[in-house]
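Input: a single structure, listed below in structure tokens.
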Amino acid sequence: MRIGVTGKGGSGKTTVAATAARVFARRGMRVNALDGDPNPNLARALGIPDGDLERLRPVPQDAVLRERTGEGAEKQLELTRPVEDLISEYGAVGPEGVRTLTMTGLLGAGRGCICGQHATVRGFVAELGTARPEEITILDTEASIEHLSRGTVRHVDTLLVVVEPYFRSLETLGRIAPMARDLGIPQVAAVANKVRSEDDERVIRDYAESIGVDVIAVIPFDAAVEDADRGNTSLLDHRPGSPAVAAVERLVDELMDRAGQRVAVASSG
């Protein structure tokens, strides 16, 4: 299963992606956590130690992907090396064995766009779709909608849009959903985040329903999230029993149920 996590900047998408990655691992899944944001924060949100953070660097396209001709003469990218090798050279293994890669990064002031890196992410995620059933790939996207216009998230099976109960965040959901459908993403769902009241939840649910999007999880406002961020640590390490963590655990279980993964993991165990 390949999951993209997106949303307006500040919506909490990276915290959701990182916490979900570790919860999936605790459920017995083999997890790849990919940071597709050129301002990367996923590794810190996962709780990877400083010493290992220094090893992370963007995965270069020419070193790991090659072009091949698929059906109908369509050009496609395929991995030239096992993921394990890439983790060893460019990535790190975090808590619960979550395998982490930084996929993009700014080239420097005045040095141009990162267009080629979007292609790397797209090809990488496509190739990981051939992985074994108990493998999960989570892609934390950048805080914009460029990854949709460039088709970077084209090959995810589920796109989670993290939404706050504010108009600008809802407006972002309204822009993302139709683009995701145009890309043919099988499942687009909203994650209501930082919900303080029934009115907050209702606002998000009403808007999502109006554009045909399912709200798959509701995460309450939780001061532990801000405390963890201020302390430069992961939410799961800072307060594992917090309401936000419990809500993400329910989100993970719902995603596994929808994909039939809990049955598959139990059978393979």
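The values are calculated or read from the model by the stated rules, or taken from the named source; none is laboratory data. Quantities reported herein were computed from a predicted structural model and do not represent experimental measurements. No Cβ is skipped: glycine too gets one built from the backbone with ideal geometry, and neighbour counts run over all protein chains shown.
Before moving on, here are some points about what is shown:
- Any hit, segment 219-231, residues being touching a helix residue (DSSP H, G or I) at 6+ places or on another chain (Cβ under 7 Å) and within 26 Å of Asp157 (Cα to Cα): yes
- Residue satisfying all of: in segment 229-256; aliphatic (A, V, I, L, M) and without any contact (Cβ under 8 Å) to a residue 40 or more places away in the chain; farthest from Met179 (Cα to Cα) among these: Ala246
- Selected residue (criterion: farthest from Arg122 (Cα to Cα)) from residues of segment 30-57 that are without any contact (Cβ under 8 Å) to a residue 24 or more places away in the chain and assigned to a loop (DSSP other than H, G, I, E, B): Pro49
- Here the condition is being at positive phi, of a type outside the set (Asp, Glu) and crowded, with 23+ Cβ neighbours inside 10 Å; of Gly7, Gly47, it holds for Gly7 alone.
- Residue match in segment 160-170 (condition: under 21 Å from Leu251 (Cα atoms), out of contact with any helix residue (DSSP H, G or I) (no Cβ under 9 Å at 6 or more places or on another chain) and not polar (S, T, N, Q)): no
- Arg196 vs. criteria more than 20 Å from Ile138 (Cβ to Cβ), modelled with pLDDT of 95 or more and surrounded by fewer than 17 Cβ atoms within 10 Å (Cβ to Cβ): yes
- Glu201 at pLDDT 95 or above and surrounded by fewer than 22 Cβ atoms within 10 Å (Cβ to Cβ): yes
- Exclusive hit being more than 17 Å from the chain's Cα centre (by Cα) and at pLDDT 85 or above, set Asp62, Asp35, Asp50: Asp50
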